[in-house]
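Comments concern the structure below.
The values are calculated or read from the model by the stated rules, or taken from the named source; none is laboratory data. This one's a predicted model, so the numbers in the text were calculated from it and none came from an experiment. Heads up, the Cβs are rebuilt from the backbone with ideal geometry, glycines too, and the neighbour counts pull from every protein chain shown.
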Ligand SMILES: [Zn+2]
């Protein structure tokens with residue numbers, strides 16, 4: 001088959017966007033994940049900013065060294081499920097199994113998990129019940145739903161008339177995918193967009209959380225945005241801890257640590273370490 005014929009077949013099966021997206025991900029994965037993480041750690045350490053990495057457990061167990069390094073550097077690892085599947089497509093039983101398996105993996109790795117974000121931010125109404133059952137401290141994806149994402153403070157979910165013990169964190173709409181892939185923003189515009197959003201949040205005295213995937217934000221040209229946004233937020237009086245620290249402190253003091261007037265939480269999911277992980281997931285998904 002000619003090259004064009006082959007591409008035609010591909011796009012017929014996958015839509016015209018898929019080959020482009022594959023090529024794009026392949027390019028991003030030319031930067032190794034240890035470099036990606038190092039770029040992020042260095043950018044954040046300069047300004048004493050912390051970061052939380054909701055990570056797919058099946059991926060985490062392939063590189064325990066990287067996951068442990070995240071924790072050793074003072075950042076946080078959260079569960080992002082065992083497999084990167086859309087939870088609403090699973091049966092309630094399979095959903096709980098996937099989640100429980102992710103916790104088991106981290107337990108074996110010796111990593112304490114307090115937080116969760118569902119793959120694709122896709123939640124079913126039973127998910128808060130599951131998080132409650134397994135005693136998690138915080139969730140950072142449920143709050144992406146349209147009715148929650150503009151909230152300015154932590155919130156609880158109603159469970160049959162009682163408020164959840166799990167603390168839910170609103171998730172802002174400005175993600176790296178939206179800024180970099182969809183809007184084609186250069187690093188300067190990314191910093192500007194994040195800073196403007198942080199400025200807005202600073203006036204409300206609450207919390208703001210971003211989802212900034214390491215695969216894009218850890219590239220050398222974008223890692224600097226992390227330093228710039230934390231520096232800017234500090235200037236406005238922000239505290240930039242891990243979500244666990246923030247939730248623990250707020251829930252016992254009802255205020256932010258020190259003289260901080262608001263809280264900035266930086267997070268970003270890790271779905272794959274290398275391009276072949278990504279490819280495997282995409283191919284597998286297409287077969288279903
Ligand atoms: Zn993900």
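The table below lists the values:
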{"read-out": "Members of the stretch 261-271 that are part of a loop (DSSP other than H, G, I, E, B), more than 9 Å from the ligand (Cβ to nearest atom) and crowded, with 19+ Cβ neighbours inside 10 Å", "value": "268"}
{"read-out": "Matching residues in the stretch 274-288 - criterion: being within 13 Å of the ligand (Cβ to nearest atom) and either modelled with pLDDT of 80 or more or surrounded by 20 or more Cβ atoms within 10 Å (Cβ to Cβ) (or both)", "value": "277, 278"}
{"read-out": "Those residues of the stretch 44-61 which are away from the ligand (no atom under 16 Å from the Cβ) and either at positive phi or in a loop (DSSP other than H, G, I, E, B) (or both), in sequence order", "value": "46, 47, 48, 49, 50, 61"}
{"read-out": "Residue that is at pLDDT below 95, crowded, with 19+ Cβ neighbours inside 10 Å and under 18 Å from the mean Cα position of the chain (by Cα), where the choices are 75, 84", "value": "84"}
{"read-out": "Residue selected from the stretch 194-218 under the condition touching a helix residue (DSSP H, G or I) at 6+ places or on another chain (Cβ under 6 Å) and in a helix (DSSP H, G or I), by the criterion surrounded by the fewest Cβ atoms within 10 Å (Cβ to Cβ)", "value": "195"}
{"read-out": "Some residue of the stretch 182-193 being within 30 Å of residue 272 (Cβ to Cβ) and buried (at least 24 other Cβ atoms within 10 Å of the Cβ)", "value": "yes"}
{"read-out": "Residues of the stretch 142-185 that turn out to be part of a loop (DSSP other than H, G, I, E, B), within 30 Å of residue 22 (Cβ to Cβ) and either touching a residue at least 12 places away in the same chain (Cβ under 8 Å) or touching a strand residue (DSSP E or B) at 6+ places or on another chain (Cβ under 9 Å) (or both), as a count", "value": "8"}
{"read-out": "Residue, nearest to residue 226 (Cα to Cα), within the stretch 28-40, restricted to residues that are within 16 Å of the chain's Cα centre (by Cα) and buried (at least 20 other Cβ atoms within 10 Å of the Cβ)", "value": "40"}
